[in-house]
Amino acid sequence: MTAQLAPLYARHLATVRKRTDEALALGGFDRLLIAAGAPLNKFLDDQDFPFVANPHFRHWLPLTDAPGSWIVYAPGAKPTLLFVQPRDYWHVVPAAPSGYWVDQFDIRVVRSAAEAVAALPKSGRNAVIGPACPSIEGVEANNPQPVLDYLHWHRSYKTPYELALMREASRIGARAHRAAERAFRGGHSEFGIHLAYLAAARQIDAELPYASIVGLNEHGAVLHYTNFDRQPPPAHRSLLIDAGASCAGYASDITRTYAGADESEFQALIDSVDAAQRGFADQVRAGQSYPQLHIHAHHVLADVLREHGFIRMNAEDAVASGVTSAFFPHGLGHPIGAQVHDVAGFQQSERGGTIARPEGHPYLRMTRVLEPGMVVTIEPGLYFIDMLLDELRANPAAKDVDWARVDAFRPYGGIRIEDDVACTDGAPENLTRDAFAQLA
């Protein structure tokens, strides 16, 4: 894969430099300084949280473990990497940069974060992007909004290099999901399933793009369930696993739901949600409004609820009355790339601004129209969440809910199926389904 990445990366960096030139001109800056960042300290402790590099830093180069380092770029000049390689016998010292990308940078090795800051250029107007950037003489702005708006907007459009990394992250995630399913079928605990996932991904928790969700039975009704029971339950009725993988700083985000061997009715419901999800993914096409696709998903899922006997009303009434929101309370998905919930999902243009969510859908994470180059998740769900169902009982539409049927499905928790889908000039590219197909 490395040999294939070299030409893709060269073109990617040329694109990033062009976008940066335009962003700097828009903001009236002479150069861009990007901090990799530093590990966050734990309160009243001498330990740090796991380091996560600034996504802008990862967008420029595939270094995910370079705390204290900086990128320096001025239009027309080769970018410089100030790489911190400390003298340290307490920790593993980062190896000197190598690989397909290094010839695109002037690399200067320094021995501390302070030395890196001292080496930053002080003249002219510097746009600085990073968390809690140190005070630097001559810096007039920190995370300037016009620069960020422009860069975030254009980061929505993935380069072929970025798509190659995301395909690999999807392949890693699909492989690990298969291992997790085997662990579920083998009767393991949530913790055991999680360990099987990590082993197959060959990534530790800190390297995954987000904390994995592994919920057996009723735990599938907790949208962000991350507790990991150590003991297996008496019966394995269902598993909802939402877990991704990383490749050179880029993420995959995959969710699958499985029914136990003798749970045919729940499996039938999974199959209906899966068919609906495939239909939504097929509509990730240029010109499609993402909010409209989200609303369409509510109508389709209303039909699923009626088909399986949970409600006795048409789709229009189920959506308008809020009934579908009790079963599907989150958004259809979000942008994904260098961040799991990638930037600019609500942005109006490269100059900033916000596109509001549709009324009644407060958790939707994207309101833009889809365009070629965008990658989004498509993750519909149906859940049996006690709190929301209790609220639904107070709704006049509750008379059209078959509560005995609903109660029979509470022990399964819920269903979510999630793919990462790229918008192209034609048919969408489903990175997740393609990765699972390659395993088969």
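The values are calculated or read from the model by the stated rules, or taken from the named source; none is laboratory data. Remember, it's a predicted structure, so these values are computed and weren't measured experimentally. Ideal geometry is used to build each Cβ from the backbone, glycine not excepted, and the neighbour counts take in all protein chains shown. Note: accessible area is taken over every heavy atom of the protein model, side chains too, but ligands, DNA and RNA are not part of it. Shrake-Rupley method; radii C 1.70, N 1.55, O 1.52, S 1.80 Å.
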Helix 290-307 axis, angle to the chain major axis (alpha carbon atoms, nearest 10°): 20
Residues with amide H under 5 Å from that of SER238, placed H, sequence gap 5 or more: ASN217, GLY260
Inter-site label distance for ALA394 and SER98 at 7 Å from Cα along Cβ, in nm: 6.4
Most mobile listed residue (GLY381, GLY414, GLY309) in the chain, GNM with C-alpha springs under 10 Å: GLY309
Selected from ILE336, VAL304, GLN288, residue furthest toward positive end of dipole (the chain; charges at beta carbon): ILE336
For the chain, built as a Gaussian network whose Cα springs stay under 10 Å, the top-fluctuating residue of TYR225, TYR157, TYR363: TYR363
Between segment 121-185 and segment 276-324, the Cα center-to-center distance that results, in Å: 32
Solvent exposure ordering (accessible area, 1.4 Å, most first) of LYS158, LYS42, LYS78, LYS18: LYS18, LYS78, LYS42, LYS158
Carbon/sulfur fraction of accessible area - the chain, other protein chains in place, 1.4 Å, %: 53
Within a Gaussian network of the chain (alpha carbon springs, distance under 10 Å), most fluctuating of PHE29, PHE328, PHE49: PHE49
Charge dipole of segment 1-159 about the Cα centre (unit charges at C-beta), most positive-ward option of THR15, HIS56, VAL92: THR15
Cβ-placed point charges (K, R +1; D, E -1), dipole of segment 1-132 about Cα centre in debye, nearest 20: 420
Linear extension gain, ALA141 paired with ASP30, 0.36 nm per residue minus alpha-carbon span: 38.8 nm
Karplus (6.51, -1.76, 1.60) ³J(HN,Hα), θ = phi - 60°, over segment 382-394, in Hz, Gly and Pro reported as x: 9, 10, 10, 9, 3, 4, 6, 5, 4, 5, 5, 4, 7
Per-residue HN-Hα couplings for segment 427-438 [Karplus 6.51, -1.76, 1.60; θ = phi - 60°; Hz; x = Gly/Pro]: 5, x, 9, 8, 4, 6, 4, 4, 5, 5, 5, 5
Accessible area per residue, Å², the chain with all protein chains present, probe 1.4 Å: 43
Helix axis angle, 160-185 relative to the chain longest principal axis, alpha carbon, degrees: 40
Alpha carbon centroid spacing (whole Å) that separates segment 29-94 from segment 341-393: 31
Prolate/oblate/rounded label for segment 193-316 (Cα gyration tensor, a/c 1.5): oblate
Estimated 222 nm signal from helices in the chain, with DSSP H stretches of n ≥ 4 weighted -39500 (n - 2.57), rounded to 500: -11000 deg cm²/dmol
Within segment 74-114: backbone nitrogen closer than 17 Å to the ALA14 label point (7 Å, Cα to C-beta): 76-79, 101-105
Longest DSSP-loop-exposure-free segment, GluC sites (Glu not before Pro), the chain, at most 14 other Cβ within 10 Å: 141-358
